[in-house]
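The values are calculated or read from the model by the stated rules, or taken from the named source; none is laboratory data. As the structure is a prediction and not an experimental result, all values here were calculated from the model. Neighbour counts are summed over all protein chains in view; Cβ atoms, including those assigned to glycine, are modelled from backbone coordinates with ideal geometry.
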Amino acid sequence: MPEDLFAPPGNPWQRISPALARLRRVVLSACLGVLAVATVVLTVVLGLPGWLLAPALVALLVAELLGWRAIGRQVALWGYAERDEDLYITRGLMWRRLVVVPYGRMQYVDIQAGPLDRAYGIARIELHTASPGTSAHVPGLPAEEAARLRDRLTDLGAAQAAGL
Amino acid sequence: VTGQHPEPEPPSAGSGRHEEGQRLSPLTPVARGGILLLAVAATTWQDLLAGRIGPVGIALLAVLVGGAVFGWVSWLRTRFWIGADELRIDTGVLYHQSRRIRIDRLQGIDIVQPLLARLMGLAELKMDTAGGDREGSLAYLSLAEAHRVREVLLARRDAVRRGTGPGFHPGPPPGAHRDAEVGEGVEVEDAEVGEFAGVGDDLRPGGVASWEPPDHDLARLHLGMLLGSMLLAPETVALVLGGVALAVAGLFVDGLLVAPGLPVMIGIVLVQGRKLSAYYGFTVSQTRAGLQVRRGLFERSTQTIALARVQGVVVSEPVMWRPLGWARLDVSLAGYGSGSESDGSPSATTVMPVAPRPVVMALAADLLHGRDPALEAGADPDAVPLVAPPRSSRWLDPFARRFQASGLGDQLAVARAGWFTRRTHVVRHARVQSVRLVQGPVQRRLGLADVHLDSPPGPVHVLLRNRASVEARRLAEQERTLSRQARRAS
């Protein structure tokens, strides 16, 4: 019963920006497009029979469709919820995860935004505790939401900080 | 913490004993260069006996003389001051270095005696500061002096932390006394000092100092047991089986077959020998600052485990030890990182290499409750009720599931797993960093999930493996609540 297991902790999950799905789909399409072009060029250059192209291109098309759908579902499954003392993060399509990070345990908060992220106006926020296993990050936050969340987490972290 | 100072100025508040600082033992160059001396003697003794010195001997002697001069100048240039709130160590022959170690940041001070230094009655002091790096060392001091300096530094650290010591001034620079005053200070967005800031600070002010029983030994490892445990180790089994296989191959098939196997066997023997010499005379005793571990045959080392840094423990019971009821105890300490025994060197995380299980459990309880009477009741890992994974997990872990069990107690979270080596991971709720729930695709079909309790790097990782998924979420929420309460209480 994944619905129960990954239910929001009271208030509903804050979902991340669909811009992330758009970004990832563009990247996916670009990669597969390059592959398709390379396939065609190779076939011509090596003088391979043309009928070989069809299954290769179909395979790429199928990959594109599957990837497109998976990205949509994956992005839709990301979510976070701010509680009084903890941040809940859920993610994952195949391996579903739920991380609960107490604000008092945070060591620092990172915001990352690469050139593509900035083009889509999104950023990724990452929480670090003293444990490397925590792996609490949320990609695809609108830039101002990422900044707000960082400030809030920093404040709460300082207020509730606990010794190691 | 450290810095380069081209012109070291005198310390603001010195110990008052020496304005010029203290020197290391004058025997230091000999202890450091002794190996070189031995090497020269060993390679040229034939020439020396015959009364002639060949070109090799001259070259080596030149190196020796150069080394001696360098060592002596280096000794001359090395001084240290124990200041009010910092330890300053000036070194350097060509480039001067002045290292300052904040005394309130000292986590522990280990005393190490390599063989040659030990024969000369010398010892090295290794400062262990928050952040995990061994940032400073004083080599060598006479053993008595090393103990004295260690005591002075630790006493001064406690005084600074209590804010009543000679090192306390009312207007400290921002952050300088954060540990002492804020106590629970984990600095957000401050990777460098924030990494392990607040380590060891949830002892209440004065909590350490008020507890002062005389030092006494809690457990001592007898040589017979150490040898027995090594005989019953997988390495020994591999050695014996490999030896038999090699002998058979050598006798009946071809003598050349032995050649590639031999180095491996010698390697195993050497590794075991290093373990023996490292664990020889292993003694755990109680001190004011925590548990003290002393060990070593040739190189004696003394290491103090600050109870406040204990994150969790692992009790390991290899299959061959179980009939004898023996176990091994490792500890996760903030800032020590993961200890591993893979290279044959004994890990710094080992609190007891082998002991009867009751002794190990008593040590584990001592480490877990940190001598806090309020926690003492719930600190026995064996008292935590464990639940085995449901039957459906047989599709994932058909064999391993028989040895898996996990549960949450009032104070502790416990997870046990493994047949060949049964490991019981224990962590205090107050030390859990974050709670993670993970469900893979197969687990989803079977209605199972894993709950990870994240700890700082180290041997301890409590994993509640393959719990029924409804229960898993409940466990995660329960752990969240328990660790919140425990954090508040401490």
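The condition of being away from chain B (no Cβ under 14 Å), outside any helix (DSSP H, G or I) and surrounded by 13 or more Cβ atoms within 10 Å (Cβ to Cβ) holds for only one of A:ALA123, A:ALA130, A:ALA56, A:ALA63, that being A:ALA123.
Of the candidates A:VAL75, A:VAL101, the single residue that is in contact with a Ser or Thr (Cβ under 6 Å, 6 or more places away or on another chain) and either surrounded by 15 or more Cβ atoms within 10 Å (Cβ to Cβ) or closer than 19 Å to A:THR134 by Cβ (or both) is A:VAL101. With respect to being under 34 Å from the mean Cα position of the chain (by Cα), among the basic types (Lys, Arg) and either loosely packed, with under 15 Cβ neighbours inside 10 Å or at pLDDT 80 or above (or both), B:ARG52 falls outside the description. Residues of region B:79-104 that are β-branched (Val, Ile, Thr), crowded, with 20+ Cβ neighbours inside 10 Å and over 16 Å from B:VAL160 (Cα atoms): B:ILE89 alone. The set of residues from region B:452-484 being polar (S, T, N, Q) and touching a Lys or Arg at 6+ places or on another chain (Cβ under 9 Å) comprises B:SER455, B:ASN466, B:SER469, B:SER483. Within region B:444-460, the set of residues being touching a residue at least 24 places away in the same chain (Cβ under 8 Å), more than 7 Å from chain A (Cβ to nearest Cβ) and within 26 Å of B:VAL331 (Cα to Cα) comprises B:VAL451, B:LEU453, B:GLY458, B:PRO459, B:VAL460. Can you tell me which residue is farthest from the chain's Cα centre (by Cα) among those in region B:237-256 that are of a type in the set (Val, Ile, Thr) and surrounded by 11 or more Cβ atoms within 10 Å (Cβ to Cβ)? Ranking the candidates gives B:VAL248 first. Filtering region B:452-468 to residues that are buried (at least 24 other Cβ atoms within 10 Å of the Cβ) and over 31 Å from the mean Cα position of the chain (by Cα) leaves B:ASN466, B:ARG467. Close Cβ contacts (under 7 Å, 6 or more residues apart or on different chains) running from residues in region A:135-158 that are more than 9 Å from chain B (Cβ to nearest Cβ) and closer than 20 Å to A:ALA19 by Cα to residues that are surrounded by fewer than 21 Cβ atoms within 10 Å (Cβ to Cβ) and among the β-branched types (Val, Ile, Thr) comprise A:ALA146/A:ILE111. Restricting attention to region A:1-52, the residues that are closer than 27 Å to A:ILE122 by Cα and hydrophobic (A, V, I, L, M, F, W, C) add up to 15. Selection within region B:416-435: residues that are touching a residue at least 40 places away in the same chain (Cβ under 8 Å) and within 14 Å of chain A (Cβ to nearest Cβ). The member of this set that is farthest from the chain's Cα centre (by Cα) is B:VAL435. Exactly one residue among A:MET94, A:MET106 is within 7 Å of another protein chain (Cβ to nearest Cβ), surrounded by fewer than 16 Cβ atoms within 10 Å (Cβ to Cβ) and either under 25 Å from B:VAL310 (Cα atoms) or without any contact (Cβ under 8 Å) to a residue 40 or more places away in the chain (or both), and that residue is A:MET94. Between B:LEU329, B:LEU375, the distinction of being among the hydrophobic types (A, V, I, L, M, F, W, C), buried (at least 20 other Cβ atoms within 10 Å of the Cβ) and modelled with pLDDT of 85 or more belongs to B:LEU329 only.
Flag not set for B:ALA476, criterion: more than 20 Å from A:SER135 (Cα to Cα), surrounded by 23 or more Cβ atoms within 10 Å (Cβ to Cβ), among the hydrophobic types (A, V, I, L, M, F, W, C) and at pLDDT 90 or above. Within the bounds of region A:66-89, is there any residue that is away from every other protein chain (no Cβ under 14 Å) and part of a loop (DSSP other than H, G, I, E, B)? Taking every residue of region A:66-89 in turn, at least one turns out to be away from every other protein chain (no Cβ under 14 Å) and part of a loop (DSSP other than H, G, I, E, B).
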